[in-house]
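Asks: First the structure, then my questions, so here it is.
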Ligand code: ADP
Ligand code: MG
């Protein structure tokens, strides 16, 4: 029996719905190439959005724009009531100072395709580094939290191991725990299972499913259609820098409106 499937779903009523991420007309170019051509999206607090689309459609770029790894050329992204990268002072918008950017980024966790753990640190040390260094959490508290997070991702017995001693799937679960240690309001996942051997994918998806059931707001770029169908509140299909269609998983995955979505799904399934 899969414990994930037995966890109760969080209550998601209209009264507690509030937008956490709102993208409006987001545009981004690299030189002459326009990669995002006006992206409109909204993710409510507690919701899971899965972003699907062919390689090169701009999915990673969009996540990077939310997380300040790229600066957008047009449109706006609102995160938890603030514009990403801009602060309002005296009724005018100003580019955020580095310290404000850092504060805003702390609210957003990101997990990449490659695990990006510090190779010279143990699993536990990887997890406590940012809480101690950035959030100024006392070490004993950070260590206790890290042990709890390792339990949560099914690696309670791996705290003292270095990344090289862990499988790819275990490393990715440490990376998830490390992001969660910053107590983010939003988690971004960029193809978190694409670099894994097939037999390791399930454990990582289980951890993500549990996280979703706990009420975490998540944007997940993935080709795992089963995960999107079971876990997403909304599925968005992107192609060539635009949102082609979006909606409930059953609709977008089961009965897509657009030929491009249909062609993509035929290739991945
Ligand atoms: P996806 O994640 O959907 O595969 P990406 O967002 O990675 O797509 O890339 C979208 C397009 O932007 C691709 O054509 C890619 O080559 C281009 N691109 C991404 N990052 C850069 C960059 N730093 N400089 C130039 N082009 C880039
Ligand atoms: Mg990508």
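The values are calculated or read from the model by the stated rules, or taken from the named source; none is laboratory data. A quick note: this is a predicted structure, and the numbers were derived from the prediction, not measured. Counting neighbours? That spans all protein chains shown, and the Cβs are built from the backbone with ideal geometry, glycine included.
Asks: So, residue 89, is that one closer than 21 Å to residue 30 by Cβ, more than 12 Å from ligand 1 (Cβ to nearest atom) and surrounded by fewer than 16 Cβ atoms within 10 Å (Cβ to Cβ) or not? Don't jump to the end; show me each part of the working.
Replies: Numbers: closer than 21 Å to residue 30 by Cβ: no; more than 12 Å from ligand 1 (Cβ to nearest atom): yes; surrounded by fewer than 16 Cβ atoms within 10 Å (Cβ to Cβ): yes.
For residue 89, the condition - closer than 21 Å to residue 30 by Cβ, more than 12 Å from ligand 1 (Cβ to nearest atom) and surrounded by fewer than 16 Cβ atoms within 10 Å (Cβ to Cβ) - is not met.
Asks: Starting from region 186-202, keep only residues that are over 14 Å from residue 111 (Cα atoms), then list their pairs with residues that are away from ligand 2 (no atom under 12 Å from the Cβ) and in a helix (DSSP H, G or I) whose Cβ atoms are within a distance under 7 Å, requiring at least 6 positions of separation or different chains.
Replies: 197/168; 200/168; 200/169
Asks: A further question on this structure: Return yes when residue 151 is touching a strand residue (DSSP E or B) at 6+ places or on another chain (Cβ under 7 Å), part of a helix (DSSP H, G or I) and more than 16 Å from ligand 2 (Cβ to nearest atom) and no when it is not.
Replies: On the way: touching a strand residue (DSSP E or B) at 6+ places or on another chain (Cβ under 7 Å): no; part of a helix (DSSP H, G or I): yes; more than 16 Å from ligand 2 (Cβ to nearest atom): yes.
Judged against the criteria, residue 151 is not a match.
Asks: Residue check: is residue 157 farther than 25 Å from residue 18 by Cβ, modelled with pLDDT under 95 and away from ligand 1 (no atom under 16 Å from the Cβ)? Break it down stepwise before answering.
Replies: On the way: farther than 25 Å from residue 18 by Cβ: yes; modelled with pLDDT under 95: no; away from ligand 1 (no atom under 16 Å from the Cβ): yes.
No, not satisfied.
Asks: Scan region 99-125 for residues that are under 20 Å from residue 185 (Cα atoms) and more than 16 Å from ligand 1 (Cβ to nearest atom) and jot them down.
Replies: Taking region 99-125 as the starting set, the residues that turn out to be under 20 Å from residue 185 (Cα atoms) are 99-112.
Listed by number, the residues that qualify are 99, 100, 101, 102, 103, 104, 105, 106, 107, 108, 109.
Asks: Does residue 38 satisfy being modelled with pLDDT of 90 or more, within 16 Å of ligand 1 (Cβ to nearest atom), farther than 16 Å from residue 188 by Cβ and assigned to a strand (DSSP E or B)?
Replies: On the way: modelled with pLDDT of 90 or more: yes; within 16 Å of ligand 1 (Cβ to nearest atom): yes; farther than 16 Å from residue 188 by Cβ: yes; assigned to a strand (DSSP E or B): yes.
Spelling it out, residue 38 is indeed modelled with pLDDT of 90 or more, within 16 Å of ligand 1 (Cβ to nearest atom), farther than 16 Å from residue 188 by Cβ and assigned to a strand (DSSP E or B).
Asks: Looking at this structure, is residue 139 in contact with a strand residue (DSSP E or B) (Cβ under 9 Å, 6 or more places away or on another chain) and surrounded by fewer than 16 Cβ atoms within 10 Å (Cβ to Cβ)?
Replies: no
Asks: In addition: Anything in region 34-60 that is surrounded by fewer than 21 Cβ atoms within 10 Å (Cβ to Cβ), more than 16 Å from ligand 2 (Cβ to nearest atom) and more than 17 Å from residue 73 (Cα to Cα)? List them, or say none.
Replies: Listed by number, the residues that qualify are 42, 44, 45, 46.
Asks: Could you name every one of the strands (runs of 3 or more DSSP E) located completely within region 174-269 that has at least 1 residues being more than 16 Å from ligand 1 (Cβ to nearest atom) and within 30 Å of residue 159 (Cβ to Cβ)?
Replies: Answer list for region 174-269: 186-190, 217-221.
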